[in-house]
1. For the stretch 162-302, just the Cα set please: Rg and Dmax, both in angstrom.
2. Near the amide H of R163, under 5 Å away, which other amide H atoms are found, from residues 5 or more places off or on another chain, if H is placed in the peptide plane?
3. Place the peptides 16-27, 170-181, 241-252 in order of packing, highest mean first, counting for every residue the other Cβ atoms within 10 Å and averaging per peptide.
4. Less than 11 Å Cβ to Cβ from V224, Lys/Arg counted +1 and Asp/Glu -1: what total charge do the surrounding residues give?
5. For every other residue with a beta carbon closer than 12 angstrom to the beta carbon of A24, add +1 if it is Lys or Arg and -1 if Asp or Glu, then tell me the sum.
6. Between D193 and L294, what length in nm is gained on full extension when 0.36 nm per residue of separation is reduced by their alpha carbon distance?
7. Mind grabbing the base-10 log of I(q)/I(0) for the stretch 132-196 at q = 0.12, 0.14, 0.19 Å⁻¹? Debye formula, identical points on the C-alpha positions, no solvent, two decimal places.
Amino acid sequence: MPMARPPGRDQNAPMERLVRLIGALTKHRSGAPLTVLLKVVAADDATDEARRKMLSRDLEHLNALGYDIRNVADIGADGVYVMRAHDNRLQVHLSPEQRGELLRAAIAAGLEGMATHLGSGDDRPVAPAPASADLDLVQRGTARQCLVRFTYKGERRVVHPARVHSGPSGWYLSGREDGGEVVKEFVVARMSDIALDPPGTAEVVAEPVRPSLDPLSWQVDPPVEVVLAVPAEHRVLAENLLGTPVSVAESGGELALTYLVTNRQVFRYRVYELGTRVTVLSPSEVRAEIVAELRSFLGTPA
């Protein structure tokens with residue numbers, strides 16, 4: 001007795017049809033004639049109108065998935081479809097707005113050819129934002145260590161650039177104004193009349209160290225060096241959780257990783273996550289803290 005089909009539409013037939021369609025387009029690299037594709041998408045007993053509608057839907061579906069399928073036939077002639085080969089992952093995974101921002105950054109970095117990978121699916125590349133020319137100037141000035149001159153909030157500025165980065169208001173230029181000491185941030189979209197001095201005219205700007213978002217690096221407790229014994233096969237996992245150690249030593253097939261700990265509570269919780277993969281060797285005060293805390297979890301006396 002045949003098994004009953006599960007509720008809902010059968011997706012096998014449409015998927016097989018798309019696979020056959022991609023196969024036909026791949027086989028006819030110079031162009032698949034319309035008559036060939038119509039035979040691929042529908043059975044012989046289907047009407048010509050039904051075949052054409054099905055083919056149109058399937059081509060739209062494939063282009064929406066990131067494929068690049070175009071009709072290259074002359075106007076008025078039967079269709080000839082070419083599937084151009086390119087990496088479609090950016091189109092599949094990024095929204096149009098995200099692709100636009102990425103294209104703007106690519107143009108600023110001199111990578112205009114990246115537009116071929118950021119198409120909108122209707123033969124048109126994603127249009128860069130109007131400020132891309134200004135962003136291009138600022139990016140080039142920063143990379144070539146040029147003094148950047150521009151008008152900002154009604155004042156003419158001369159800035160030694162440090163870096164260009166994204167933020168809540170779009171793209172920012174971080175730098176120090178000529179004659180000043182403080183590193184400031186300027187929204188590129190609000191800059192006007194931008195001009196660059198020759199390369200090498202700007203001074204190297206050391207940006208202030210920004211606090212890390214990882215609480216393990218926060219300065220909560222007095223610094224203390226903690227040494228962990230870690231088997232070599234668990235080193236990657238340990239460093240993923242605890243960061244890069246200040247030193248590494250090898251002894252008897254195990255590694256001794258030394259960390260400068262400034263937030264003991266977070267450090268202990270990361271060690272608990274590693275479990276028996278690591279052993280705290282020193283100092284004794286940190287070992288005692290871990291033992292006491294683990295006993296408190298079990299409700300046993302210290």
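None of the figures in this text is laboratory data; all of them are computed from the coordinates on show. Treat the numbers as computed from the prediction; the structure is a model and nothing was measured. When we count neighbours, we look across all protein chains shown, and the Cβ atoms used for this are built from the backbone with ideal geometry, even at glycine.
1. Rg and Dmax of the stretch 162-302, Cα atoms, are 22.6, 72 Å.
2. Amide H to amide H, under 5 Å and 5 or more residues apart or across chains, R163 pairs with S174.
3. Packing proxy ranking, top to bottom: 170-181, 16-27, 241-252.
4. Working: positive: R264; negative: D221, E225, E285, E289.
Around V224, the surrounding residues sum to -3.
5. Details: positive: R17, R20, K27, R29, K39; negative: D58.
Residues close to A24 contribute a combined charge of +4.
6. On the way: separation 101, 0.36 × 101 = 36.36 nm, distance 6.30 nm.
Value of the extension gain: 30.1 nm.
7. Result of the Debye calculation: -0.23, -0.32, -0.61.
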